[in-house]
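The values are calculated or read from the model by the stated rules, or taken from the named source; none is laboratory data. Bear in mind the structure is a predicted one, so any value in this text is a computation, not a measurement. Here the Cβ is made from the backbone with ideal geometry for all residues, glycine too, and neighbour counts use every protein chain on show. When the accessible area is computed, the model is the full protein with side chains, heavy atoms only, and any ligands, DNA or RNA have been set aside. Shrake-Rupley method; radii C 1.70, N 1.55, O 1.52, S 1.80 Å.
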Amino acid sequence: MDPTEIYARIENLVKEYPELAEIVEMPNKTNGYRRQAQAILGTMQNTAVVVTSRDWGHEGGNAISIELKKASAAGAPLSVGTSGNKIIVTLATDAAGNAKSTAKEVVDLLNAEASDLVSATTYRGNTGNGIVEPAISNLSDNLKAPATVSRDPFTVKAIRIGKNRDGTKPGVLGYSQEHAREWVTPLVSVETAERLLRNYSHDKETKKLVDNLDIFIIPSMNPDGGHYSFYDFNSQRKNMTNHCSPHQSDNGYRNSWGVDLNRNHDVGSAFDGYVGASTTNCLSGTYAGPSEHSEPESRNLVWLTDENPNIRFAMNIHSYGGYFMWSPGAYTPERETLPRPSAGEEAYYWQASDHILKEIKKHRGTVILPSRTGPIPDVLYSAAGNSADHLWYEKGIYAWNFEVGADLWNKETKRWELVGFQPPFEEGHEEAMEFSNGLLGLIDVAYQYSKDKKAPKSSITPNGGRHEDKVKVSFKTSEPATIYYTLDGSRPTFDSQKLQLSGTREGPETLTFEKTTTLNWFSVDASKNVENRYEPGNNKKYNSKTFFIK
């Protein structure tokens, strides 16, 4: 879907259902679907002059022309003149009347005499010692989109859906297209919004969700990159901000500029030494930008969750490959990950994921493989500075990542086939339908969270008492719940140790006691229900068992 159509569809949906939906406009405008108007004059690298307009193409840069011509007389000096938007460079000549100006000399004079219109550089930083030949060029931004597509900075928009959109209901967020080339992902978001609004009046399950939740859906986090991918370079991954030096800013590099928005966040970032992004190569597909949250697009996500602290769940919708993942999302070169969720938090991730994946399967039987389900580093790779890690570690939001577009089985060739970032419409439609099921599954998880008032229960094995030798103690809970415990006889609080996982993709750890120990503990589920109505600091309704070791 053309990104412009996505925004039009958002606005039409909100007009149709004003009592249930509104548009949230985020404050940080993106950088605009536009490129500087440029021209390269010269064929050999050391004779080339790269000229870049000061104004963006649609704001006047495309109207600039430049002519390099040889002086008519012998022994003439190099000179630059301007007439409106036309720049004329008269090349110096030697005693025999031959042009003698080098590319570096032309660059220096353009920057001195025509800096109000253009800037100039040698080709990719070479010495520019070659003799420039006469040439004429009109600067162009080379954009292919029709004039109806704005080149101005876009305002990223979200649809906010709910009967009560005042922050009093638990919030859930779905956001798509951080990576521009992932065309199916906005369809998942818009399809989900369509279902919630159109089915509200006649489907009790939909009404239940809309009445009890505050739902935020962002169809495109990267509208500028989306437009560029749709019209100019379909493999565009990043946004449209060019942080490269002038020597890397000629049009030959134009498809490699930009920042990977899913590497621009501040938790487990490449700036902190985590793997999976570049901080130095502006042309890298995973360039993290000049600093954390340098990009308006990533700051928009931060702003939305800052302004709406009721958001407790999120889904970052990507493609392709059929993955379903959660934090931690990054590790160091020594493969040390960000802190793993506690055993109870991990159990909740798995329980909620099981429900979501079953909803995906209902549409056409698509199964997300167990090997592609789990924490990001366990099933894919380290993604330093990804947005889900910011949401989980900074905001405490249960945050997942879809990778829509699972491999398809070809019955004729008896092989699995990749679907790609831009599958045919028929396949893209099916992916949108099944993963919209999944996003609604997450919204249902949020609903169950909002209605859960039942406190968890926990038990241990063995149950205290006297033991001849050291003892290993294991915990069991009635539902996914985090265990907080102390071993020194003190009252457990929310600052006490949490029961952790025993290892990667394993269950809860066991505690080993080699001397007499008093274990005090309580459990808390994902909905913040505390076992036995215990109030740390105010009562003594925690669990306590003593192990006497001879």
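Descriptive notes on the structure:
- Rounded to the nearest angstrom and listed largest first, the equivalent-ellipsoid semi-axes of the range 190-233 from its Cα gyration tensor are 32, 11, 5.
- The range 72-144 and the range 245-287 have their alpha-carbon centroids 32 Å apart.
- Kirkwood Rh, Cα atoms: Rg over Rh of the range 251-318: 1.03
- Compactness of the range 436-498 was expressed as the Cα radius of gyration divided by 2.2 N^0.38 Å, which yields 1.63.
- For the range 368-464, diffusion coefficient by Stokes-Einstein and Kirkwood Rh (Cα), 10 °C, 1.306 mPa s, µm²/s: 92 µm²/s
- Table column - 3J(HN,Hα) (Hz), the range 501-516, Karplus curve with 6.51, -1.76, 1.60, x for Gly and Pro: 6, 7, x, 4, 6, 10, x, x, 6, 9, 9, 10, 10, 10, 9, 4
- Taking amide H as placed 1.01 Å from N in the peptide plane, the amide H of ILE87 sits under 5 Å from that of SER65, ILE66, GLU67, each at least 5 places away or on another chain.
- Largest-first principal axis extents of the Cα set of the chain (Å): 107, 60, 56
- Sequence-distant residues sharing a close amide H with GLU178 (under 5 Å, placed H): MET221
- Only Lys, Arg (+1) and Asp, Glu (-1) charged, at Cβ; the chain dipole about Cα centre in debye: 1400 debye
- Rounded if a/c under 1.5, otherwise prolate or oblate - the range 395-540, Cα gyration tensor axes: prolate
- Sorted largest first, the principal axis extents computed over the alpha-carbon atoms of the range 208-342 equal 55, 40, 31 Å.
- When the C-alpha to C-alpha distance is required to be over 20 Å, the pairs from LYS169/LYS204; LYS457/LYS540; LYS361/LYS457; LYS163/LYS207; LYS238/LYS358 that qualify are LYS361/LYS457; LYS238/LYS358.
- Approximate shape of the range 186-261 as ellipsoid semi-axes (Cα gyration tensor, √5λ), whole Å, largest first: 40, 12, 6
- Here's the list of lysines a cross-link from LYS157 could span, going by alpha-carbon distance under 16 Å and ignoring same-chain residues fewer than 8 apart: LYS15, LYS29.
- Sorting HIS179, HIS363 by accessible area puts them as HIS363, HIS179; the probe is 1.4 Å, largest comes first, and only protein heavy atoms count.
- The translational diffusion coefficient of the range 12-55, from Stokes-Einstein at 37 °C and 0.692 mPa s with a Kirkwood hydrodynamic radius over alpha carbon pairs, comes to 217 µm²/s.
- Amide H within-cut-off set for VAL473, under 5 Å, with H built and near neighbours excluded: LEU511, THR512, PHE513
- Over the C-alpha atoms of the range 140-204, the Rg to Rh ratio, Rh being the Kirkwood estimate, stands at 1.09.
- Residues listed by number, the range 141-156, amide nitrogen under 17 Å from GLU25 label point at 7 Å toward C-beta: 150-156
- Tilt relative to the chain, helix 296-307 - C-alpha long axis, 0 to 90 degrees, to 10: 30 degrees
- Note on the range 110-261: Cα-Cα pairs beyond 23 Å make up 55% of the total pair count.
- The chain - percent of accessible surface contributed by carbon and sulfur, probe 1.4 Å: 47 percent
- Principal axis dimensions, the range 52-176 - Cα atoms, whole angstrom, descending: 83, 29, 23
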